[in-house]
1. What tally of residues in segment 116-169 results from selecting those that are over 22 Å from residue 22 (Cα atoms), among the polar types (S, T, N, Q) and in a strand (DSSP E or B)?
2. Within segment 18-43, how many residues turn out to be closer than 17 Å to residue 233 by Cβ, under 18 Å from the mean Cα position of the chain (by Cα), of a type outside the set (D, E, K, R) and away from the ligand (no atom under 15 Å from the Cβ)?
3. Please count how many residues of segment 142-169 are at pLDDT below 95 and either crowded, with 24+ Cβ neighbours inside 10 Å or of a type in the set (D, E, K, R) (or both).
4. State yes or no: is residue 172 in contact (Cβ under 8 Å) with a residue 40 or more places away in the chain, surrounded by 13 or more Cβ atoms within 10 Å (Cβ to Cβ), of a type outside the set (Phe, Trp, Tyr) and not in a loop (DSSP other than H, G, I, E, B)?
5. So residue 277 clears everything in (1) touching a residue at least 40 places away in the same chain (Cβ under 8 Å); (2) farther than 20 Å from residue 38 by Cα; (3) of a type in the set (Ser, Thr, Tyr) except one condition, right? Which one?
6. With the requirement that a residue be surrounded by fewer than 24 Cβ atoms within 10 Å (Cβ to Cβ) and among the hydrophobic types (A, V, I, L, M, F, W, C), what does segment 96-116 give you?
7. Which numbered condition in (1) more than 14 Å from the ligand (Cβ to nearest atom); (2) touching a Leu at 6+ places or on another chain (Cβ under 8 Å); (3) farther than 27 Å from residue 292 by Cα is the only one that residue 170 fails?
8. Could you name every one of the helices (runs of 4 or more DSSP H) located completely within segment 178-286 that has at least 3 residues being surrounded by 14 or more Cβ atoms within 10 Å (Cβ to Cβ) and within 16 Å of the ligand (Cβ to nearest atom)?
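The values are calculated or read from the model by the stated rules, or taken from the named source; none is laboratory data. In this text, all values refer to a predicted model and were calculated from it rather than measured experimentally. With ideal geometry, Cβ positions are generated from the backbone for all residues, glycine too; neighbour counts draw on all protein chains shown.
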Amino acid sequence: MSDKQSVTVHAPGKVNLQLNVGGRRTDGYHEIATIFLAVSCYDKLVLRRSSGLRVTVSGTGAGEVPADDSNLAGQAIKAVAKMGGVEPDVHIHIHKRIPVQGGMGGGSSDAAGALLGGDALWQLGIGRAGLMSLAEELGSDVPFSMLGGVALGRGRGEALQPLTSGITYHWVFAVAGFGLSTPAVFGAHERHRQEAGLPFAAGCLPAPQVSPRLIDALACGDVDLVAQNLTNDLEFVASRMRPELTRTLTVGRGAGALAGFLCGTGATTAFLVPNESTAHDVAEALLASETCASVRIARGPVQGPRIGKAEEF
Ligand code: ATP
C-alpha cells in the first residue's frame, strides 16, 4: 500500500454538439443520440487521506451542490474504494468552475475525476478501462466524462463510440443566473409533444440519429460546417421555460459567434467562435448585455480527467 497523501484531479465539462431526443423508455429514460465534446472548463478535485469520507465544495454555484453522500464524487469514491477493497477514508474538496445545473455535466465530471483520483490515491491499478464499469453505474454522462475527447453517445448517452476531430475549436459559454433541472426539461419536452399530438413512447418513435454531416465536418475540422449542424432538441422547451435564454443566444450570435445553442438540458448556452479574439468579443458582449451571470472561454475537444497541476494541460 502506498503512503501517497493527496491527489489533485482536473475534470473537464462537456458540450453536446447535437442532442437528438427520441422516445421515453419503460425505465423512464429517454433514448438519445448525441455528440459529446469535452471542453477546457475544469472542476478541480483534491483528494486527501482522512478518517471517514468527507466532501466539501467551493467555487461557482457551490451552495447548490450537496456536500454529503449524495454528491456524485462521494458516490464515485465509495464505488472505487469498494472495487479496490479499501475503506473510503478520504476528504474530497471540489472547486467548481463548471456551471451547476448548467447542462455541462459537472456532477458527472466530478464523479469521473473522483474515480480516477481514488484509483491514484490508493494506487489500486484499476485504470481507466476498469473504471468504466463503475462509471456506467454512476450515471448516463459519467462514461463520457471518463473518456473525454469527442464521442457519439447512444442509449441514454452511455453507449459510446469515440470520434475524431480534425482541430481544436474555440468556445464561449454563458452561465445563466439560474439552473435547469434535467428531469424538468425532459418532462417539458414530453408535455410539448403530447400537446402537439405527437408520440413520445420509445416503441412509437424511430431511434434518434445524429447527422453524418456533423461527424464528417468534425473529422475534417470544417468549422463552418460544424457550426451549421449544432442542434439541440431541448432548446425550444428550455427557452419557453426561461425566455431570457433566447436573449442570451441573440446577443452571442450577434457578437460574432458562428453558432449559439443550448448546452444539454441547459441552462448554460454555448457559442462556437472562429478564433480566440472573437471569443473575447463575444464574452464581452454577453457580459455587457447582462443577459447572463458570467462567461467561460474554453477550447475543445480536450482529454478526460487528468491527475496533476492545472498548468500541465
Ligand atoms: P446533468 O448531468 O443531469 O445534465 P447538469 O450538467 O445540468 O446535470 P450538474 O451540475 O451536474 O448539472 O448538477 C445536477 C445536480 O446534481 C445538481 O442539482 C446537484 O444537486 C447534483 N450534484 C451531485 N453531485 C454534484 C457535483 N459534484 N457537482 C454538481 N452537482 C452535483
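1. Of the residues in that region, 0 qualify.
2. Residues in segment 18-43 being closer than 17 Å to residue 233 by Cβ, under 18 Å from the mean Cα position of the chain (by Cα), of a type outside the set (D, E, K, R) and away from the ligand (no atom under 15 Å from the Cβ): 4 in total.
3. Looking only at that region, the number is 3.
4. Values: in contact (Cβ under 8 Å) with a residue 40 or more places away in the chain: yes; surrounded by 13 or more Cβ atoms within 10 Å (Cβ to Cβ): yes; of a type outside the set (Phe, Trp, Tyr): yes; not in a loop (DSSP other than H, G, I, E, B): yes.
When the stated conditions are applied, residue 172 passes them.
5. Checking residue 277 against (1) touching a residue at least 40 places away in the same chain (Cβ under 8 Å); (2) farther than 20 Å from residue 38 by Cα; (3) of a type in the set (Ser, Thr, Tyr), the one that fails is (1).
6. 100
7. Result: residue 170 fails condition (3) only.
8. On the way: elements: 182-195, 212-220, 223-228, 235-241, 244-254.
Output list reads 182-195, 235-241.
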